[in-house]
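Chemist: Structure in structure tokens, see below.
The values are calculated or read from the model by the stated rules, or taken from the named source; none is laboratory data. If you're wondering where the values come from, they're calculated on a predicted model, not measured in any experiment. Please note: Cβ atoms are built from the backbone with ideal geometry, for glycine as well, and neighbour counts cover all protein chains shown. Protein only, heavy atoms only, side chains kept; ligands, DNA and RNA dropped before computing areas. Shrake-Rupley method; radii C 1.70, N 1.55, O 1.52, S 1.80 Å.
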Amino acid sequence: QVQLVESGGGLVQAGGSLRLSCAASGRTFSSYAMGWFRRAPGKEREFVAAISWSGGSTYYADSVKGRFSISRDNAKNTVYLQMNSLKPEDTAVYYCAAGWATARLRAEYDYWGQGTQVTVSS
């Protein structure tokens, strides 16, 4: 069992930056691949970024590539999402998730956090 708690969301102007954190409970955090997803108003939850258990592999949605960066610190049981050059269309609730595969599909993840709101004003 893994419990995930996101933090770091907020209101930022377009062009600004935020860093999201996702703290995980449990001793097996370092065994899990981690992902970030987001859900904008009126839209389905979509993939943002993923990182392998070791941090050696990362994947990004085309919409955030070059602007967002995912990383993890297994000693702190935490995964991060650094978001730069934010756009109004990045406004969404952001969720972290844990699973056994470094995947883009929601179904590949077994554990989810409650989400943190990110609002980007124009």
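Chemist: Out of region 1-37, which residues are open to solvent by less than 40 Å² (accessible area, probe 1.4 Å), assigned to a strand (DSSP E or B) and of a type in the set (Ser, Thr, Tyr)? Outline the logic, then answer.
Modeler: Taking region 1-37 and keeping what is open to solvent by less than 40 Å² (accessible area, probe 1.4 Å), we get 2, 4, 6, 8-10, 12, 16, 18, 20-22, 24, 26, 29, 32-37.
With assigned to a strand (DSSP E or B) added as a condition, the list becomes 4, 6, 10, 12, 18, 20-22, 24, 33-37.
Residue satisfying the conditions is SER21 alone.
Chemist: Out of region 46-58, which residues are buried (at least 17 other Cβ atoms within 10 Å of the Cβ) and in a loop (DSSP other than H, G, I, E, B)?
Modeler: TRP53
Chemist: Could you check, for region 67-80, whether at least one of its residues is of a type outside the set (A, V, I, L, M), at pLDDT 95 or above and under 11 Å from ARG38 (Cβ atoms)?
Modeler: Yes, because at least one residue in region 67-80 is of a type outside the set (A, V, I, L, M), at pLDDT 95 or above and under 11 Å from ARG38 (Cβ atoms).
Chemist: Assess whether ALA101 counts as being open to solvent by 10 Å² or more (accessible area, probe 1.4 Å), among the small types (Gly, Ala, Ser), farther than 30 Å from SER122 by Cα and touching a helix residue (DSSP H, G or I) at 6+ places or on another chain (Cβ under 6 Å).
Modeler: Values: open to solvent by 10 Å² or more (accessible area, probe 1.4 Å): yes; among the small types (Gly, Ala, Ser): yes; farther than 30 Å from SER122 by Cα: yes; touching a helix residue (DSSP H, G or I) at 6+ places or on another chain (Cβ under 6 Å): yes.
Yes, satisfied.
Chemist: Hey, GLY42 hits all of (1) assigned to a strand (DSSP E or B); (2) closer than 19 Å to SER121 by Cβ; (3) among the small types (Gly, Ala, Ser) but one; which does it fall short on?
Modeler: (1)
Chemist: Something else about it: For region 59-81, enumerate the residues that are open to solvent by 60 Å² or more (accessible area, probe 1.4 Å) and either within 12 Å of the chain's Cα centre (by Cα) or of a type in the set (Ser, Thr, Tyr) (or both).
Modeler: Matches in region 59-81: TYR59, SER63.
Chemist: Related question: In this structure, does VAL48 turn out to be in contact with a strand residue (DSSP E or B) (Cβ under 6 Å, 6 or more places away or on another chain), among the β-branched types (Val, Ile, Thr) and in contact (Cβ under 8 Å) with a residue 60 or more places away in the chain?
Modeler: no
Chemist: Kindly evaluate ASN84 against the criterion of being in contact with a helix residue (DSSP H, G or I) (Cβ under 6 Å, 6 or more places away or on another chain) and surrounded by 13 or more Cβ atoms within 10 Å (Cβ to Cβ). Step through it out loud before you land on a result.
Modeler: Details: in contact with a helix residue (DSSP H, G or I) (Cβ under 6 Å, 6 or more places away or on another chain): no; surrounded by 13 or more Cβ atoms within 10 Å (Cβ to Cβ): yes.
Criteria not met by ASN84.
Chemist: I'm checking my understanding of the structure. Among residues of region 104-122 that are open to solvent by 70 Å² or more (accessible area, probe 1.4 Å) and assigned to a strand (DSSP E or B), which one is nearest to LEU4 (Cα to Cα)?
Modeler: Once the filter is applied, the top-ranked residue is TRP112.
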